(Lines give C-alpha, C1' and ligand atoms only; values in the text may rest on other atoms or scores of the structure.)
Protein backbone atom coordinates (compact mmCIF):
# COMPACT_ATOMS: atom_id res chain seq x y z
CA UNK A 1 0.00 0.00 0.00
CA UNK A 2 1.29 3.48 -0.85
CA UNK A 3 2.16 5.76 2.07
CA UNK A 4 1.63 9.50 2.44
CA UNK A 5 3.14 11.46 5.31
CA UNK A 6 0.54 14.02 6.47
CA UNK A 7 2.26 17.13 7.86
CA UNK A 8 0.17 19.44 10.04
CA UNK A 9 1.99 21.81 12.41
CA UNK A 10 -0.72 21.38 15.08
CA UNK A 11 -2.76 18.18 15.07
CA UNK A 12 -5.42 19.36 15.61
CA UNK A 13 -7.15 22.58 16.65
CA UNK A 14 -10.92 22.37 17.33
CA UNK A 15 -11.79 24.05 14.02
CA UNK A 16 -9.71 21.57 11.97
CA UNK A 17 -12.26 18.77 11.79
CA UNK A 18 -12.03 18.82 7.97
CA UNK A 19 -8.32 17.91 8.20
CA UNK A 20 -9.12 15.00 10.50
CA UNK A 21 -11.71 13.71 8.05
CA UNK A 22 -9.16 13.64 5.26
CA UNK A 23 -6.36 12.05 7.27
CA UNK A 24 -8.56 9.43 8.94
CA UNK A 25 -10.71 8.76 5.87
CA UNK A 26 -8.06 7.47 3.46
CA UNK A 27 -8.83 4.07 1.95
CA UNK A 28 -6.24 3.08 -0.63
CA UNK A 29 -3.38 5.06 0.91
CA UNK A 30 -1.85 4.57 4.34
CA UNK A 31 -0.78 7.63 6.33
CA UNK A 32 1.03 8.75 9.43
CA UNK A 33 0.99 12.26 10.85
CA UNK A 34 3.96 14.53 11.43
CA UNK A 35 3.28 17.34 13.86
CA UNK A 36 5.02 19.70 16.23
CA UNK A 37 2.10 19.77 18.68
CA UNK A 38 -0.67 17.31 19.55
CA UNK A 39 -4.04 18.75 20.63
CA UNK A 40 -7.65 17.60 21.12
CA UNK A 41 -6.73 13.92 21.32
CA UNK A 42 -10.18 12.83 22.53
CA UNK A 43 -11.94 14.76 19.80
CA UNK A 44 -9.56 13.64 17.06
CA UNK A 45 -8.16 10.20 17.96
CA UNK A 46 -5.35 8.99 15.72
CA UNK A 47 -2.72 6.44 16.67
CA UNK A 48 0.12 6.82 14.17
CA UNK A 49 1.58 10.22 15.05
CA UNK A 50 5.21 11.29 14.89
CA UNK A 51 5.99 14.28 17.11
CA UNK A 52 8.84 16.24 15.59
CA UNK A 53 11.51 16.55 18.29
CA UNK A 54 12.53 20.02 19.32
CA UNK A 55 16.19 20.51 18.52
CA UNK A 56 18.55 21.36 21.36
CA UNK A 57 19.14 25.10 21.44
CA UNK A 58 22.61 26.30 20.53
CA UNK A 59 22.12 30.03 20.91
CA UNK A 60 25.41 31.00 19.25
CA UNK A 61 24.74 28.84 16.21
CA UNK A 62 21.08 29.97 16.09
CA UNK A 63 22.14 33.64 16.19
CA UNK A 64 24.70 33.08 13.43
CA UNK A 65 22.26 31.27 11.14
CA UNK A 66 19.35 33.64 11.78
CA UNK A 67 21.00 37.05 11.79
CA UNK A 68 24.25 36.57 9.86
CA UNK A 69 23.48 33.81 7.38
CA UNK A 70 19.78 34.80 7.32
CA UNK A 71 18.63 31.29 6.53
CA UNK A 72 14.95 30.25 6.81
CA UNK A 73 13.51 29.39 10.23
CA UNK A 74 13.33 25.68 9.43
CA UNK A 75 17.17 25.71 9.35
CA UNK A 76 18.06 27.79 12.39
CA UNK A 77 15.44 26.07 14.55
CA UNK A 78 16.95 22.71 13.64
CA UNK A 79 13.64 21.39 12.35
CA UNK A 80 14.86 20.54 8.86
CA UNK A 81 17.35 18.01 10.14
CA UNK A 82 14.76 16.45 12.44
CA UNK A 83 12.22 16.04 9.63
CA UNK A 84 14.84 14.55 7.31
CA UNK A 85 15.90 12.02 9.98
CA UNK A 86 12.26 11.18 10.68
CA UNK A 87 11.52 10.59 7.00
CA UNK A 88 14.56 8.33 6.71
CA UNK A 89 13.11 6.26 9.56
CA UNK A 90 9.52 6.36 8.19
CA UNK A 91 9.78 6.08 4.39
CA UNK A 92 6.84 7.50 2.44
CA UNK A 93 5.92 7.87 -1.20
CA UNK A 94 4.98 11.51 -0.80
CA UNK A 95 4.12 14.18 1.76
CA UNK A 96 0.88 16.15 2.07
CA UNK A 97 1.57 19.50 3.71
CA UNK A 98 -1.50 21.13 5.17
CA UNK A 99 -1.70 24.92 4.74
CA UNK A 100 0.28 27.16 2.44
CA UNK A 101 2.21 28.99 5.16
CA UNK A 102 3.48 25.63 6.40
CA UNK A 103 4.59 24.88 2.86
CA UNK A 104 6.57 28.12 2.86
CA UNK A 105 8.15 27.13 6.16
CA UNK A 106 9.08 23.70 4.77
CA UNK A 107 10.22 24.96 1.36
CA UNK A 108 13.87 23.96 1.98
CA UNK A 109 12.71 20.42 2.80
CA UNK A 110 10.44 20.30 -0.27
CA UNK A 111 13.41 21.26 -2.45
CA UNK A 112 15.79 18.82 -0.77
CA UNK A 113 13.61 15.70 -0.30
CA UNK A 114 13.74 13.19 -3.13
CA UNK A 115 10.00 12.48 -3.04
CA UNK A 116 7.10 14.75 -4.12
CA UNK A 117 5.17 17.04 -1.78
CA UNK A 118 1.62 18.29 -2.32
CA UNK A 119 0.46 21.43 -0.50
CA UNK A 120 -3.18 22.18 0.26
CA UNK A 121 -4.56 25.71 0.65
CA UNK A 122 -7.64 26.47 2.72
CA UNK A 123 -8.21 30.24 2.70
CA UNK A 124 -6.29 32.26 5.27
CA UNK A 125 -3.03 30.68 4.11
CA UNK A 126 -3.17 32.60 0.82
CA UNK A 127 -2.84 35.97 2.56
CA UNK A 128 0.18 38.05 1.60
CA UNK A 129 2.49 38.82 4.51
CA UNK A 130 4.33 42.05 3.69
CA UNK A 131 5.33 42.38 7.35
CA UNK A 132 7.46 39.23 7.05
CA UNK A 133 10.49 39.98 4.83
CA UNK A 134 10.90 37.38 2.11
CA UNK A 135 7.66 35.52 2.83
CA UNK A 136 5.75 36.54 -0.32
CA UNK A 137 8.76 35.70 -2.51
CA UNK A 138 9.04 32.31 -0.79
CA UNK A 139 5.34 31.70 -1.40
CA UNK A 140 5.78 32.39 -5.10
CA UNK A 141 8.71 29.98 -5.14
CA UNK A 142 6.61 27.35 -3.38
CA UNK A 143 3.91 27.69 -6.02
CA UNK A 144 6.52 27.01 -8.69
CA UNK A 145 8.16 24.13 -6.80
CA UNK A 146 5.41 21.84 -5.46
CA UNK A 147 4.23 19.37 -8.12
CA UNK A 148 0.57 19.65 -7.05
CA UNK A 149 -1.29 22.46 -5.29
CA UNK A 150 -4.67 21.60 -3.77
CA UNK A 151 -7.32 24.28 -3.13
CA UNK A 152 -10.74 23.98 -1.50
CA UNK A 153 -12.57 26.16 -4.02
CA UNK A 154 -12.31 27.56 -7.54
CA UNK A 155 -11.98 31.05 -6.06
CA UNK A 156 -8.89 29.97 -4.12
CA UNK A 157 -7.49 28.35 -7.26
CA UNK A 158 -7.91 31.67 -9.07
CA UNK A 159 -6.10 33.50 -6.26
CA UNK A 160 -3.22 31.03 -6.43
CA UNK A 161 -3.01 31.39 -10.21
CA UNK A 162 -2.91 35.18 -9.84
CA UNK A 163 0.01 34.71 -7.45
CA UNK A 164 1.92 32.72 -10.06
CA UNK A 165 0.83 29.11 -9.58
CA UNK A 166 0.87 27.16 -12.86
CA UNK A 167 -2.69 26.23 -13.78
CA UNK A 168 -1.65 22.70 -14.71
CA UNK A 169 -0.55 22.06 -11.10
CA UNK A 170 -3.76 23.28 -9.44
CA UNK A 171 -6.37 20.75 -8.30
CA UNK A 172 -9.77 21.25 -6.66
CA UNK A 173 -9.73 19.51 -3.26
CA UNK A 174 -13.29 19.78 -1.95
CA UNK A 175 -14.15 19.36 1.70
CA UNK A 176 -15.99 16.10 2.26
CA UNK A 177 -18.94 15.78 4.63
CA UNK A 178 -19.75 12.42 6.28
CA UNK A 179 -23.39 12.25 5.27
CA UNK A 180 -24.20 9.56 7.82
CA UNK A 181 -23.27 12.00 10.61
CA UNK A 182 -25.45 14.80 9.20
CA UNK A 183 -28.58 13.10 7.83
CA UNK A 184 -31.23 15.11 6.04
CA UNK A 185 -34.17 15.95 8.30
CA UNK A 186 -37.68 17.07 7.44
CA UNK A 187 -38.39 19.74 10.01
CA UNK A 188 -41.63 21.74 10.24
CA UNK A 189 -41.66 25.52 10.12
CA UNK A 190 -42.36 27.00 13.58
CA UNK A 191 -46.04 27.86 13.86
CA UNK A 192 -45.41 30.52 16.53
CA UNK A 193 -42.63 32.36 14.69
CA UNK A 194 -39.94 30.90 16.95
CA UNK A 195 -37.40 30.56 14.16
CA UNK A 196 -33.99 29.34 15.25
CA UNK A 197 -31.05 30.69 13.26
CA UNK A 198 -27.59 29.19 13.64
CA UNK A 199 -24.02 29.99 12.72
CA UNK A 200 -21.06 27.77 13.63
CA UNK A 201 -17.53 28.99 13.06
CA UNK A 202 -14.39 30.35 14.62
CA UNK A 203 -15.12 33.85 15.86
CA UNK A 204 -12.85 35.85 13.60
CA UNK A 205 -13.45 38.82 11.30
CA UNK A 206 -13.88 36.99 7.98
CA UNK A 207 -16.86 35.01 9.30
CA UNK A 208 -19.06 38.13 9.25
CA UNK A 209 -20.52 37.64 12.74
CA UNK A 210 -21.08 41.39 13.17
CA UNK A 211 -23.28 41.32 10.07
CA UNK A 212 -25.12 38.26 11.39
CA UNK A 213 -25.98 39.99 14.67
CA UNK A 214 -27.20 43.17 12.98
CA UNK A 215 -29.30 41.18 10.52
CA UNK A 216 -30.76 39.08 13.31
CA UNK A 217 -31.71 42.24 15.21
CA UNK A 218 -33.71 43.35 12.17
CA UNK A 219 -35.24 39.88 11.76
CA UNK A 220 -36.27 39.80 15.42
CA UNK A 221 -38.35 42.96 14.96
CA UNK A 222 -40.67 40.86 12.78
CA UNK A 223 -40.26 37.61 14.73
CA UNK A 224 -39.69 38.50 18.41
CA UNK A 225 -39.70 34.83 19.48
CA UNK A 226 -36.74 34.02 17.18
CA UNK A 227 -33.37 32.84 18.54
CA UNK A 228 -29.86 32.98 17.16
CA UNK A 229 -27.41 30.28 18.25
CA UNK A 230 -23.75 31.08 17.65
CA UNK A 231 -21.48 28.07 18.12
CA UNK A 232 -17.71 28.32 18.32
CA UNK A 233 -15.27 30.69 19.96
CA UNK A 234 -12.41 32.98 19.12
CA UNK A 235 -10.79 36.39 19.51
CA UNK A 236 -14.01 38.31 18.79
CA UNK A 237 -15.84 36.94 21.84
CA UNK A 238 -15.62 40.21 23.77
CA UNK A 239 -16.86 42.28 20.85
CA UNK A 240 -19.69 39.84 20.17
CA UNK A 241 -20.84 39.99 23.79
CA UNK A 242 -20.80 43.80 23.63
CA UNK A 243 -22.81 43.81 20.40
CA UNK A 244 -25.44 41.51 21.88
CA UNK A 245 -25.90 44.04 24.67
CA UNK A 246 -25.83 47.12 22.42
CA UNK A 247 -28.41 45.62 20.06
CA UNK A 248 -30.56 44.65 23.07
CA UNK A 249 -30.75 41.05 21.93
CA UNK A 250 -30.52 39.61 25.43
CA UNK A 251 -31.36 35.93 25.77
CA UNK A 252 -32.45 35.68 22.13
CA UNK A 253 -28.78 35.13 21.29
CA UNK A 254 -27.03 32.10 22.76
CA UNK A 255 -23.25 31.82 22.62
CA UNK A 256 -21.98 28.26 22.70
CA UNK A 257 -18.45 26.94 22.57
CA UNK A 258 -16.99 24.62 19.97
CA UNK A 259 -19.22 21.56 19.61
CA UNK A 260 -18.21 18.08 18.60
CA UNK A 261 -19.65 16.47 15.49
CA UNK A 262 -22.64 14.98 17.29
CA UNK A 263 -23.36 18.26 19.06
CA UNK A 264 -23.33 20.18 15.80
CA UNK A 265 -25.65 17.65 14.16
CA UNK A 266 -28.12 18.04 17.03
CA UNK A 267 -27.92 21.83 16.82
CA UNK A 268 -28.59 21.85 13.08
CA UNK A 269 -31.49 19.42 13.50
CA UNK A 270 -33.13 21.82 15.98
CA UNK A 271 -32.60 24.90 13.76
CA UNK A 272 -34.29 26.35 10.71
CA UNK A 273 -31.84 28.61 8.84
CA UNK A 274 -28.05 28.69 8.64
CA UNK A 275 -26.19 32.01 8.53
CA UNK A 276 -22.70 32.54 7.14
CA UNK A 277 -22.10 36.10 5.80
CA UNK A 278 -18.34 35.79 5.22
CA UNK A 279 -16.37 38.85 4.18
CA UNK A 280 -12.92 39.72 2.85
CA UNK A 281 -10.78 41.28 5.55
CA UNK A 282 -8.28 44.13 5.23
CA UNK A 283 -5.42 41.64 5.19
CA UNK A 284 -7.12 39.67 2.36
CA UNK A 285 -8.17 36.69 4.47
CA UNK A 286 -10.57 34.78 2.23
CA UNK A 287 -12.98 31.90 2.85
CA UNK A 288 -12.91 28.66 0.90
CA UNK A 289 -16.12 26.63 1.24
CA UNK A 290 -17.11 26.67 4.94
CA UNK A 291 -17.35 23.18 6.41
CA UNK A 292 -20.05 24.08 8.90
CA UNK A 293 -22.19 25.48 6.11
CA UNK A 294 -21.98 22.20 4.20
CA UNK A 295 -22.81 20.20 7.34
CA UNK A 296 -25.86 22.35 8.00
CA UNK A 297 -27.00 22.10 4.38
CA UNK A 298 -26.64 18.31 4.52
CA UNK A 299 -29.28 18.23 7.26
CA UNK A 300 -31.66 20.31 5.15
CA UNK A 301 -31.00 23.88 6.29
CA UNK A 302 -31.26 26.63 3.68
CA UNK A 303 -28.49 29.22 3.84
CA UNK A 304 -28.35 32.99 4.08
CA UNK A 305 -24.80 33.97 3.14
CA UNK A 306 -22.67 36.28 1.03
CA UNK A 307 -21.14 36.46 -2.41
CA UNK A 308 -17.71 35.68 -1.04
CA UNK A 309 -14.93 33.24 -1.79
CA UNK A 310 -16.12 29.70 -2.45
CA UNK A 311 -19.58 30.14 -0.94
CA UNK A 312 -21.32 30.61 -4.34
CA UNK A 313 -19.78 27.31 -5.43
CA UNK A 314 -21.86 25.54 -2.76
CA UNK A 315 -24.95 27.77 -2.38
CA UNK A 316 -27.08 28.38 -5.45
CA UNK A 317 -28.82 31.73 -4.99
CA UNK A 318 -32.58 31.30 -4.95
CA UNK A 319 -32.28 27.49 -4.99
CA UNK A 320 -30.49 26.35 -1.82
CA UNK A 321 -30.45 29.73 -0.10
CA UNK A 322 -29.89 33.43 -0.68
CA UNK A 323 -26.61 35.25 -1.31
CA UNK A 324 -26.12 38.96 -0.66
CA UNK A 325 -23.22 41.39 -0.78
CA UNK A 326 -20.63 41.35 1.99
CA UNK A 327 -21.33 43.46 5.09
CA UNK A 328 -24.91 44.24 3.97
CA UNK A 329 -26.91 43.40 7.09
CA UNK A 330 -30.07 44.93 5.65
CA UNK A 331 -29.94 42.65 2.60
CA UNK A 332 -29.13 39.68 4.81
CA UNK A 333 -32.11 40.44 7.03
CA UNK A 334 -34.32 40.67 3.94
CA UNK A 335 -33.12 37.23 2.85
CA UNK A 336 -33.97 35.82 6.27
CA UNK A 337 -37.42 37.41 6.17
CA UNK A 338 -38.06 35.99 2.71
CA UNK A 339 -37.28 32.50 3.98
CA UNK A 340 -39.40 32.84 7.11
CA UNK A 341 -42.20 34.55 5.24
CA UNK A 342 -42.67 31.69 2.79
CA UNK A 343 -42.51 28.32 4.62
CA UNK A 344 -43.08 26.39 1.40
CA UNK A 345 -40.07 28.03 -0.25
CA UNK A 346 -38.06 27.57 2.95
CA UNK A 347 -38.81 23.81 2.93
CA UNK A 348 -38.06 23.54 -0.80
CA UNK A 349 -34.70 25.26 -0.43
CA UNK A 350 -33.77 23.10 2.55
CA UNK A 351 -34.44 19.91 0.60
CA UNK A 352 -32.41 21.25 -2.33
CA UNK A 353 -29.53 22.12 0.02
CA UNK A 354 -29.39 18.57 1.37
CA UNK A 355 -29.46 17.10 -2.13
CA UNK A 356 -26.68 19.38 -3.36
CA UNK A 357 -24.32 18.27 -0.57
CA UNK A 358 -25.13 14.62 -1.24
CA UNK A 359 -24.26 15.07 -4.91
CA UNK A 360 -21.19 17.33 -4.69
CA UNK A 361 -19.64 17.24 -1.21
CA UNK A 362 -19.81 13.71 0.18
CA UNK A 363 -16.76 12.55 2.10
CA UNK A 364 -16.49 9.36 0.06
CA UNK A 365 -16.22 11.30 -3.18
CA UNK A 366 -13.76 13.80 -1.70
CA UNK A 367 -11.46 11.03 -0.42
CA UNK A 368 -11.59 9.24 -3.76
CA UNK A 369 -10.46 12.41 -5.54
CA UNK A 370 -7.76 13.17 -2.96
CA UNK A 371 -6.24 9.71 -3.33
CA UNK A 372 -6.34 10.22 -7.09
CA UNK A 373 -4.22 13.36 -6.60
CA UNK A 374 -1.82 11.32 -4.48
CA UNK A 375 -1.56 8.75 -7.29
CA UNK A 376 -0.85 11.53 -9.75
CA UNK A 377 1.85 13.13 -7.60
CA UNK A 378 3.52 9.79 -6.89
CA UNK A 379 3.64 8.94 -10.60
CA UNK A 380 5.00 12.38 -11.48
CA UNK A 381 7.75 11.98 -8.88
CA UNK A 382 9.17 8.80 -10.41
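The values are calculated or read from the model by the stated rules, or taken from the named source; none is laboratory data. Since we're looking at a predicted model, the values are computed, not measured. Cβ placement follows ideal geometry from the backbone for every residue including glycine, while neighbour counts extend to all protein chains displayed.
Would the stretch 323-345 turn up any residue that is in a strand (DSSP E or B) and within 23 Å of the chain's Cα centre (by Cα)? Lay out the reasoning, then the answer.
Narrowing the stretch 323-345 to residues in a strand (DSSP E or B): 323-324.
Remaining after also requiring within 23 Å of the chain's Cα centre (by Cα): 323-324.
So far as the stretch 323-345 goes, yes, one or more of its residues are in a strand (DSSP E or B) and within 23 Å of the chain's Cα centre (by Cα).
Residues that are in contact with a helix residue (DSSP H, G or I) (Cβ under 6 Å, 6 or more places away or on another chain) and buried (at least 21 other Cβ atoms within 10 Å of the Cβ) were ranked within the stretch 324-345; the one that is farthest from residue 176 (Cα to Cα) is 333.
Applying the criterion of being out of contact with any strand residue (DSSP E or B) (no Cβ under 8 Å at 6 or more places or on another chain) and at pLDDT below 95 to the residues of the stretch 17-39, the residue that is surrounded by the fewest Cβ atoms within 10 Å (Cβ to Cβ) is 17. The residues of the stretch 235-254 that are under 26 Å from the mean Cα position of the chain (by Cα), over 26 Å from residue 341 (Cα atoms) and surrounded by fewer than 16 Cβ atoms within 10 Å (Cβ to Cβ), listed by number, are 235, 237, 238, 239, 241.
From 287, 279, grab the single residue that is touching a helix residue (DSSP H, G or I) at 6+ places or on another chain (Cβ under 8 Å) and modelled with pLDDT of 95 or more.
Working: 287 fails: modelled with pLDDT of 95 or more.
Testing whether each residue is touching a helix residue (DSSP H, G or I) at 6+ places or on another chain (Cβ under 8 Å) and modelled with pLDDT of 95 or more leaves just 279.
Kindly evaluate residue 210 against the criterion of being touching a helix residue (DSSP H, G or I) at 6+ places or on another chain (Cβ under 9 Å), assigned by TED's automatic domain parsing to the domain that holds residue 332 and within 19 Å of residue 311 (Cα to Cα). Yes, satisfied.
Here the helices (runs of 4 or more DSSP H) wholly within the stretch 85-147 that include at least 3 residues being modelled with pLDDT under 95 and farther than 26 Å from residue 284 by Cβ are 107-112. Looking at this structure, is residue 364 surrounded by 22 or more Cβ atoms within 10 Å (Cβ to Cβ), within 19 Å of the chain's Cα centre (by Cα) and either in a helix (DSSP H, G or I) or free of Cβ contacts under 8 Å to residues at least 60 places away in the same chain (or both)? For residue 364, the condition - surrounded by 22 or more Cβ atoms within 10 Å (Cβ to Cβ), within 19 Å of the chain's Cα centre (by Cα) and either in a helix (DSSP H, G or I) or free of Cβ contacts under 8 Å to residues at least 60 places away in the same chain (or both) - is not met. Entry remark, the stretch 291-314: residues being in contact (Cβ under 8 Å) with a residue 24 or more places away in the chain and either on the phi > 0 side of the Ramachandran plot or assigned to a loop (DSSP other than H, G, I, E, B) (or both) number 8 in total.
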